[in-house]
Structures are given as structure tokens and as C-alpha cells.
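In what follows, a single structure is set out as C-alpha cells and then discussed.
The values are calculated or read from the model by the stated rules, or taken from the named source; none is laboratory data. This structure is a prediction, so every number in the text was calculated from the model and none was measured. Here the Cβ positions follow ideal geometry from the backbone for every residue, glycine too, while neighbour counts run over all protein chains shown. SASA here: full protein model, heavy atoms, side chains in, ligands and nucleic acids out. Shrake-Rupley method; radii C 1.70, N 1.55, O 1.52, S 1.80 Å.
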Amino acid sequence: MIISFSEAEEEKVREVLSTLKTFEINDSSLQNEKTTIVAKELTIEQLQRCVWMHNEQVKLTFTEFEILYLLAKNPGRVFSKEQIYDMIWNDPCIGDCSTVMNHIQKIRKKIGDDSSNPIYIQTVWGVGYRFNKEISSNL
């Protein structure tokens, strides 16, 4: 059976196929991508969405994992609360972004990162947060 399309229909089909190709997962690119981050006793496995501290699994919420992974995959880079909010919630932060501070506090507690002297998630006063570049394997 042969199906014929008008030029406009053919163009639409090409556009749809092109869009679908961008969503294909290339296994070889995943193998080359760094999916596990190790920093001292903390291990973050992106594909399995698991976090381990001292070889014990840490239970994080979806949002907590996203924030921790964002920071850890960009060690040393400072993110403002507004940037974190925008990137994690895919929505601009309007006004107070204290929800980010609350999530950071919960993450620190769950991974045993003392907020008065944090090893993993550092506060850059007046600016935001960063993951400690000195301890990350993601360099």
C-alpha cells in the first residue's frame, strides 16, 4: 500500500520524525556520561536515583535528590536560591525562596552534613550554595 502526502504533509511528517529522534536514548552516550558522583563517604547514583552515605542508603524525596544532584554535578559552582528554584521547580522564584533553604537543611540532615560546618553543601553567604569542589570525583 502506497500512501501519498502533499508537500505540507511531508514536511509535517519530517518535523515529527526529527522531533522524535531528539528523544531517542543513545546507550553509548549514557555509558560515556558520568552518572555516579563520589565525594568522601557520599555516593550519588543518578541513573538509579540512589544516595549512599557510609555505605547506607539515604532516603531523599524527589526534590531533595534533584537539588543534591544539581549541586554535586557542578562542584564549586555557586547557585543562588533563585537559580536552584528555577531549575528544580521549572518555575521562576517570585519573592521568598525559603523552600530552597528548607530543602538544603533537610538534605544536610539526612546526609549528616553539619550545617554549622558543612563538608558537602557549602553556603556562600549572600550568594547561595555550592557543592564542595575539593572532595568531589566530578572534577
- Item | 23 Å tail of the calculated P(r), region 49-139, as % of Cα pairs | 16 percent
- Task: Give, rounded to the nearest 20 debye, the magnitude of the charge dipole that region 39-130 has about its Cα centre when Lys and Arg contribute +1 at Cβ and Asp and Glu contribute -1 at Cβ.
- Result: 180 debye
- Item | Whole-Hz couplings from phi, Karplus 6.51/-1.76/1.60, listed for region 117-127; x for Gly and Pro | 8, x, 9, 9, 9, 9, 8, 9, 3, x, 10
- Charge context of S115, other residues only, Cβ under 13 angstrom, K/R +1, D/E -1: +2
- Whole number in Å², please: accessible area per residue of region 78-139, 1.4 Å probe, ligands, DNA and RNA not counted. 61 Å²
- Which trypsin sites (Lys or Arg not before Pro) from region 51-105 combine a DSSP loop assignment with at most 16 other Cβ atoms within 10 Å? K59, K73, R77
